[in-house]
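Heads up, the thing below is written out as structure tokens.
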Amino acid sequence: MSKRCVVQFCGNSCFTGHSTHRFPKDPVIRRQWVRFVQTKRADFQPPSEKSQAVICGAHFEKDCFSGHLMAEMGFGLKKTKLKPEAVPTIQATPTPEQVERYKVKRLGAVLTEEPGPSKAPRKSRAYAKREVHRVSACTQYMYGLSFFSCPINSNLPGQFPI
Ligand SMILES: [Zn+2]
């Protein structure tokens, strides 16, 4: 299973050489992690206990890691350990490409959400059209009725050859 960072605009994983960190068990710290992700991803659901959801090391200040000085000196970069009370604070910066893709995604979401409300005016337009047809049919009928029932018209020479 690929452990890809759940933070918006961040595609880091253990495959990209980043440290990945499971959501902490402590409910208070865990909630802060969830809130951090939700800042940019409103639809993000708090992961379950067994969830493999991770946040990569890029979202934590250096002092969130024990042994970060060792890492800075080039020792044991992979061995830096996230402190149990660490909370992510650094949001990912999207690339211009990601911003575009995000916009398209959002637009797509808006477009798929729209049919509901946009159907209504279409329906009412169709209704208006039908109404026009009905009215014109009605007037035609009325004209026709008056034409046929009008004794003057029926007496006109040439109108109704018998
Ligand atoms: Zn990340």
TODO: Select from the stretch 42-60 the residues that are within 12 Å of the ligand (Cβ to nearest atom) and either out of contact with any Lys or Arg (no Cβ under 8 Å at 6 or more places or on another chain) or in a helix (DSSP H, G or I) (or both) and list them in ascending order.
DONE: ILE55, CYS56, GLY57, ALA58, HIS59, PHE60
- [ ] Under 6 Å between Cβ atoms, at least 6 apart or on separate chains: pull out the pairs that start in the stretch 92-104 with a residue that is in a helix (DSSP H, G or I) and end on any residue that is within 16 Å of the ligand (Cβ to nearest atom).
- [x] GLN98/PHE9
- [ ] Go through the stretch 10-22 and give me each residue that's free of Cβ contacts under 8 Å to residues at least 40 places away in the same chain, closer than 16 Å to ILE90 by Cα and not in a strand (DSSP E or B).
- [x] GLY11
Open item on the list: Criterion first (in the same structural domain as GLY67 (by TED's automatic domain parsing), assigned to a helix (DSSP H, G or I) and free of Cβ contacts under 8 Å to residues at least 12 places away in the same chain) does VAL28 satisfy it?
Closed with: yes
TODO: Residues being surrounded by fewer than 19 Cβ atoms within 10 Å (Cβ to Cβ), modelled with pLDDT of 95 or more and closer than 18 Å to TYR102 by Cα: count how many of those fall in the stretch 10-39.
DONE: 2
- [ ] Give the residues of the stretch 6-31 that are within 11 Å of the ligand (Cβ to nearest atom), out of contact with any His (no Cβ under 9 Å at 6 or more places or on another chain), over 18 Å from SER66 (Cα atoms) and not hydrophobic (A, V, I, L, M, F, W, C), sorted by residue number.
- [x] GLN8, GLY11, SER13, THR16
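The values are calculated or read from the model by the stated rules, or taken from the named source; none is laboratory data. Keep in mind that this is a model prediction, so the values were computed, not measured. Counting neighbours? That spans all protein chains shown, and the Cβs are built from the backbone with ideal geometry, glycine included.
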